[in-house]
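Notes follow the structure.
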Amino acid sequence: MPRDATYADDERSVLLLRPHWKVLVGPVLGALLVVAAALVVLVVIPAGKYAAVARLATAAVGLLALMLWLMVPLLRWRTTTYELTNRRLRMRSGIITRQGRDIPLARINDVSFQKGPLDRLLGCGRLLVESAGEHGQITLTEIPHVEAVHQTLFRLVEEEQPPNP
């Protein structure tokens, strides 16, 4: 595997994450509703002179709705990554235009996590990272295995801090 050119010489990837799969549950259910609604409309279209055009229009609208309800969230999930290296926290997102943010571990002041009842069942949560600088606190939502990520990030931040004299 070729080395990523955006890494520093002594930098290595420790953890690469995507948002938890639960973010796709709503879009999948919405897609199922779109398909069911399109099938109902196709069945109730009466036979006649314009039935083929109406069915084609229904299929086109159904496909467009399916693209909006399922494909866009799926692509957003697929293109969102959180990477933890031994030097920084890297966040990347965007389908057409990419956005990125890097936080050096040396600038991170505090790391905490939050898990609601559903998050506890599914094994995910929110990671709150407070950094020195103009942006302050960053919330990373739907992080899988958030407690393990929290511990890893905290350990790496501690290792990156200069030793006290």
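Residues in the stretch 127-148: is at least one part of a strand (DSSP E or B), free of Cβ contacts under 8 Å to residues at least 60 places away in the same chain, touching a Pro at 6+ places or on another chain (Cβ under 9 Å) and of a type in the set (Gly, Ala, Ser)?
yes
Can you find even one residue in the stretch 30-49 that is within 30 Å of His145 (Cβ to Cβ) and hydrophobic (A, V, I, L, M, F, W, C)?
yes
Being loosely packed, with under 12 Cβ neighbours inside 10 Å and not hydrophobic (A, V, I, L, M, F, W, C) is true for just one of Asp119, Asp110, Asp102. Which residue is that?
Asp110
Only the coordinates and a few stated rules stand behind these numbers; no lab work does. Note that the structure is predicted; figures quoted are calculated from it, not measured. All Cβ positions, glycine included, derive from the backbone under ideal geometry; neighbour counts span all protein chains shown.
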